[in-house]
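Just below is one structure, and these are the notes that go with it.
The values are calculated or read from the model by the stated rules, or taken from the named source; none is laboratory data. The model shown is predicted, which means the values in this text are computed figures rather than measured ones. FYI the Cβ positions are ideal-geometry reconstructions off the backbone, even for glycines, and counts take in every protein chain you see. The area values use the complete protein model at the heavy-atom level, side chains included, leaving out ligands, DNA and RNA. Shrake-Rupley method; radii C 1.70, N 1.55, O 1.52, S 1.80 Å.
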Amino acid sequence: MVHIPVLQKEVLKYLDPKPNQNFIDATTGEGGHTLAIIEQILPNGKVLGIDWSQELIQGLKVKSNLVLVCDNFVNLKEIVKRERFLAVSGILFDLGMSSWHLEESKRGFSFLKNEPLDMRYSSQNPLTAEKIVNYWSKSEIEKILREYGEERFAKKIAEKIIKARKSEPIKTTFQLVEIIRKAVPSRHQPQKIHFATRTFQAIRITVNDELNNLEKVLPQTLEILKPGGRLVVISFHSLEDRLVKNFYRDRVSISLKILTKKPIRPQKKEIKINPRSRSAKLRAAQKI
Ligand SMILES: C[S@@+](CC[C@H](N)C(=O)[O-])C[C@H]1O[C@@H](n2cnc3c(N)ncnc32)[C@H](O)[C@@H]1O
């Protein structure tokens, strides 16, 4: 399946790219938003495209207006300095994983496919999902399921994980799904969202340190953007969205003007074509 960029029209509206301006796409992924921005900044503007997954960066076509870097966006200031990428008119974050991670990476991002429990965006990252479920303590596992998955059966799932790994190592996504199935009461299983969703989200966030990376990168954007430059963040769950909302709120009138009073959500039409967009929230601000 081809990756469909989420909120494409809205991203362009709030970034407002013009000919010859420079932009940063901090989560280039399969390049959907990056390419749409490039079309607007021709002939002399440039896009710095960053992604933590080497495979995605390698899959993008080299273009004269595109500078590609494989790195964690938590290093944004260093990357910009190293690349001498100046006069930045806008920065985009389209957070989380891409369709490639779910459907092609074979790294266990999807509970619908039987794959090794990995869940890393970057193969350089020392922590994997397998290490968490096989070596972390019951209380550590319960804590991440509660905090990052907002999973009400966190305690029960953590207990079942500890019990299961005593008889054999938990190596695959389907082993983990079966363990969760036993921990979540059956009346809670045929819900709108799959019973393994929250556990998988929590483990993925932990493996990739997603909330810390976001919290650390947001202040860096203010040092990089030129006055009038725009920051656009698309988040996919409430924990990320809260971080962005609070970051904007704490700097309003001092260094930022908020452009989206309420987060922008995809229209029904978009959700129908691209169900993954259903939880997307876009927040935009402008550097004063
Ligand atoms: C939702 S996808 C982006 C899709 C992209 N906008 C497109 O149109 O194809 C999010 C991307 O962010 C990358 N990513 C997640 N955390 C990252 C981080 N800390 N540093 C750099 N890239 C990261 C993932 O590898 C993934 O490819």
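The table below lists the values:
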read-out: Interchain or long-range residues, amide H under 5 Å from Ile288's placed H; value: Gly228, Leu256, Lys257
read-out: Long-range amide H partners of Phe109 with built H, under 5 Å; value: Met119
read-out: Out-of-range pairs (alpha-carbon distance over 31 Å; input Lys81/Lys171; Lys166/Lys281; Lys61/Lys245; Lys77/Lys171; Lys81/Lys131; Lys160/Lys192); value: Lys81/Lys171; Lys166/Lys281; Lys61/Lys245; Lys77/Lys171; Lys81/Lys131
read-out: Dimensions (Å) - the chain, Cα atoms, principal axes, largest first; value: 61, 37, 36
read-out: Cα centroid of segment 65-88 to Cα centroid of segment 197-211, whole Å; value: 26 Å
read-out: Carbon + sulfur, % of accessible area of segment 104-208 - ligands and nucleic acids excluded, 1.4 Å; value: 51 percent
read-out: Cα-centre dipole for segment 104-208 with unit charges at Cβ (Lys and Arg positive, Asp and Glu negative), debye to 20; value: 320 debye
read-out: C-alpha long axis of helix 154-167 to longest principal axis of the chain, angle in °; value: 60 degrees
read-out: Solvent-accessible area of Ser253 with every protein chain in place, 1.4 Å probe, in Å² to the nearest 10; value: 100 Å²
read-out: Solvent-accessible area per residue, Å², over the chain with all protein chains present [probe radius 1.4 Å]; value: 50 Å²
read-out: Distance from segment 7-27 to segment 91-132 (C-alpha centre basis), Å; value: 26 Å
